[in-house]
Structure formats: C-alpha cells, structure tokens
Amino acid sequence: MTRLVPPVAGDPHGLDDVRLEVRKFVAEQRQAGRIGRSADCWLTGWDEDFTRALAARGWLGMTVPVEYGGHGRSHQERFVVTEELLAAGAPVGAHWIADRQIVPSLLKYGTEAQKRKFLPAIARGECYFAIGMSEPDSGSDLASVRTKAEPVDGGWRITGAKVWTSGAHLAHAFICLARTAALDPAHRHDGLSQFIVDLRSPGVDIRPIISMNGKHHFNEVILDEVFVPDGPDGMVFGTVGDGWQQVTSELSFERSGPERFLSTFTLLADVAGHMSARALPRHTDLGRYVARIAGLHQMSTAVAGALERHEPADTAAAVVKVLGTTTEGDIADFADVLGIPDEMDDDPYRTMLADAVVQRPGFTLRGGTNEVLRGVIARGLGMR
Ligand SMILES: Cc1cc2nc3c(=O)[nH]c(=O)nc-3n(C[C@H](O)[C@H](O)[C@H](O)COP(=O)(O)OP(=O)(O)OC[C@H]3O[C@@H](n4cnc5c(N)ncnc54)[C@H](O)[C@@H]3O)c2cc1C
C-alpha cells in the first residue's frame, strides 16, 4: 500500500526538555509584556527585539553548522522550538523566511562567500529575507515569470515586478526568480535563475499593498535595471539556468512545517478557555479541531523526520499543507460563528479573531494553493 505520510520515527518525547525550555521562555516573555497573543504570527508578527531575544537563546540558525555561526542542531529540535513559538502566537515574522527557507537554500546552493555573509547574521537575528517569486501574472504557474536578468559587465541587470512580497519593506534582501533565457514553450522550466537582491539597491522600488484591515504586510517590488554582481563574491544564487530545480527542491521544508497548521491555534486555545469558563457556549466541534491539530502535529513531525533523513517527502508535505491550512481556516470560521464571548471586554481576543478572519483566505493560497497541491498529491500517488 502506498504510504502517504511516513511513520514517526524515534522517541516522540525525546525532545520534551527543549519543548519545556521554550514554554518557560514564552511564559516569561508574556509576563514581561513582550509578547501578546495573535493569529498568523509568523506572517504578521514582526518584532526585531523578540527575534534577537530568540537568537540570544540559540534558537535561530539552529540547523546552521557551527562554522557558519549556527548551532549545529537537528531539524527536529528546530521543529519543536518553532512549534512552541507558533502555538503561543509569538512574533516570529522578522526572521521567519530567513530561518525557515533561506538557511537550507544557502547551505545547499550558496557560495562560500554568501554562506559567510548571511548565515551568521541570520543566526544572530540581524538579517531578514523576503521571497521574490510571485508576479502580477505569475503565481501558481511560476515558470511564466517575466522578470528578466540580462548579463552586463561584472554581473546582471534585473528588471521586472514582483508582488505579494511579504515583509519586503522591512527585510534586507530577497531571492528573486528571474528569466535569464527567453521562454521556450517546449521547455518552460528552463532558463530561470535566482539572484540575491539587496532590497536597498538603486533601482528597487518597494510599494505597499495594504490589506483589508489597513495593515501592511504585502508589497509590490519594482526592479528597474537593478545590478547584481557575479563572481566568487557575487550574488548569483546557485547555477544560472537551474532556478526551477532550486526553487522546487526546498518546497518540502516550506510546506510541511508547523506554521501550516498552527496559524490560528491561539484562537482555538482561547475558544477552549472561554468555553471552559462558560463565556462561550460549549460546542462538540471543539474536540474535532483539537483532534485535527493533534493528527497534523503527528504528520508534520513525521515529515520533519523524513527530511532529516534526506528521504523524499514532497507528497507528504503537500498532504500536510492541504489538510493543515484547511484546518487553520476552519478554526477561524468556527470562532467567527461562535462570536465574541458574552459580557466580555477582551480586546485582544476580538483583535485576534478579526485578524484570523482577515488572514483566512491567505492560508490555503500562500506557498502553493490547495488546488495545485492536490495535483502534486495525485501525481505523487501515480494518479496523473
Ligand atoms: C498571505 C500570502 C503571503 C504571500 N507571500 C508571498 C511572498 O512573500 N512572496 C511571493 O513571491 N509570493 C507570495 N504570495 C503569493 C502566493 O505564492 C500566490 O498567491 C500563490 O502562489 C497563488 O498565485 P496567484 O495568487 O497568482 O493565483 P493564481 O495562480 O492566478 O491562481 C488563481 C486560482 O486558480 C487556481 N489554479 C491555478 N493553477 C491551477 C492548476 N494548475 N490547477 C488547479 N487550479 C489552479 C488556484 O488554485 C487559484 O484558486 C503570498 C500569498 C499570500 C496569500
């Protein structure tokens, strides 16, 4: 029988000490008023002081080897730390992209100079990245990107427009996917390359896209002949022409982590608290959501183990993302229907609920839509 998700290997309680250490830290931070409770904290909670406090504990760059300024710890240890921070709604947005996906990408494709420049800074909590993939007419079909990089003396000049670029107005750099050869309809995935672009470079124009609730997370990033140097100290990322393989090879890391099922966990936890206090009517669906989260925790842990062992996990990661992000949205709907607790002046809860409802459509879109991921799963099962 085809096994969709690998079994959980090893002792599930083997990292309980790390988990308890993070819980203690979170409780201290909360008591000191340094963190509140918020929904979708990994996208919306940008707090550089908190990021530096995590770095001081050794909880950034955990999987980065010691010689590059990291801590040489396992993916499972990083998983436990991030799971606890997300479950608490801690403001982890500033370092999230850098720590989650730029670290493994740099370790795999970065030049020695790029690793030495960025990895220690990421582990210190001082370097923040954004993702420069989507364009106005290219989202699911990334092979259609039109941003162009042309060779010039000493490097490349990049021209184009990126959109939905989370955090670009605050980040230092993004990895930009661009066409370095004309689109060949017969080989659409060829001719793409990646570049590390300093977001303060001449020719970069970052324009805010304001969300329905008036908040600013997204941007449009216009690149007008932005120069990127090549050579040993340059910022070409990986191999020119291999952009597609590079982008897709790290997707399992991006799709299967705890951020794909915990974006509304704080809300669920508070709903449970309000039901227990009888401020909200009791509802049996609460148990269903808790059970779904417990199952997703097992599945996501299992994928983290497979990735640690370098086993292929693309299909399993897509399963976790489809089921996890659907659960996140269902929790927002559940809390929305229950409404605000009776006789309660709880502004943080009100704000968390409102944020969860506004962010909800994005859960199943970002990182690959559910429709597209169902195609990935079908192909993984040999059905297409
Ligand atoms: C909260 C959030 C944060 C984001 N942050 C970033 C970021 O930092 N950087 C970045 O580059 N991008 C970011 N994105 C963009 C995101 O990656 C895209 O929204 C996503 O890839 C979908 O692309 P699209 O919006 O162009 O929709 P489209 O690709 O146009 O899709 C529209 C609809 O058609 C469906 N569809 C498309 N193709 C298929 C297919 N083959 N089979 C079945 N159905 C299909 C989709 O499922 C969707 O419902 C973010 C998006 C969100 C919501």
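A compact table of results
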item: Checklist (1) open to solvent by 30 Å² or more (accessible area, probe 1.4 Å); (2) free of Cβ contacts under 8 Å to residues at least 24 places away in the same chain; (3) part of a helix (DSSP H, G or I) applied to residue 282, failing item; result: (3)
item: One residue from 305, 287, 273 being open to solvent by less than 20 Å² (accessible area, probe 1.4 Å) and on the phi < 0 side of the Ramachandran plot; result: 305
item: The range 132-190 - residue that is of a type in the set (Ser, Thr, Tyr) and part of a strand (DSSP E or B) and, of those, surrounded by the fewest Cβ atoms within 10 Å (Cβ to Cβ); result: 159
item: Residues that are closer than 13 Å to residue 266 by Cα, within 16 Å of the ligand (Cβ to nearest atom) and assigned to a loop (DSSP other than H, G, I, E, B), drawn from the range 35-52; result: 38, 39, 40
item: Any pair with Cβ under 7 angstrom, 6 or more apart, that starts in the range 5-26 at a residue that is under 12 Å from residue 76 (Cβ atoms) and ends at one that is charged (D, E, K, R) and crowded, with 17+ Cβ neighbours inside 10 Å; result: 15/77; 18/77; 19/84
item: Residue in the range 329-343 that is within 16 Å of the ligand (Cβ to nearest atom) and either part of a loop (DSSP other than H, G, I, E, B) or surrounded by fewer than 22 Cβ atoms within 10 Å (Cβ to Cβ) (or both) present; result: yes
item: Selected residue [more than 27 Å from residue 102 (Cα to Cα) and either at pLDDT 95 or above or outside any helix (DSSP H, G or I) (or both)] from 290, 322; result: 290
item: Selected residue (only one of 157, 146 is within 30 Å of residue 188 (Cβ to Cβ), within 16 Å of the ligand (Cβ to nearest atom) and touching a residue at least 12 places away in the same chain (Cβ under 8 Å)); result: 146
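Listed here are the residues, each with its yes/no results for (1) of a type in the set (A, V, I, L, M); (2) touching a residue at least 12 places away in the same chain (Cβ under 8 Å); (3) near the ligand (Cβ under 8 Å from one of its atoms); (4) out of contact with any Cys (no Cβ under 7 Å at 6 or more places or on another chain).
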{"residue": "133", "(1), (2), (3), (4)": "yes, yes, yes, yes"}
{"residue": "138", "(1), (2), (3), (4)": "no, no, yes, yes"}
{"residue": "142", "(1), (2), (3), (4)": "yes, yes, yes, yes"}
{"residue": "153", "(1), (2), (3), (4)": "no, no, no, yes"}
{"residue": "161", "(1), (2), (3), (4)": "yes, yes, no, yes"}
{"residue": "165", "(1), (2), (3), (4)": "no, yes, yes, yes"}
{"residue": "169", "(1), (2), (3), (4)": "no, yes, no, yes"}
{"residue": "175", "(1), (2), (3), (4)": "yes, yes, no, yes"}
{"residue": "178", "(1), (2), (3), (4)": "yes, yes, no, yes"}
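The values are calculated or read from the model by the stated rules, or taken from the named source; none is laboratory data. Because the structure is predicted, anything quoted here is derived from the model rather than measured. All Cβ positions, glycine included, derive from the backbone under ideal geometry; neighbour counts span all protein chains shown. SASA here: full protein model, heavy atoms, side chains in, ligands and nucleic acids out. Shrake-Rupley method; radii C 1.70, N 1.55, O 1.52, S 1.80 Å.
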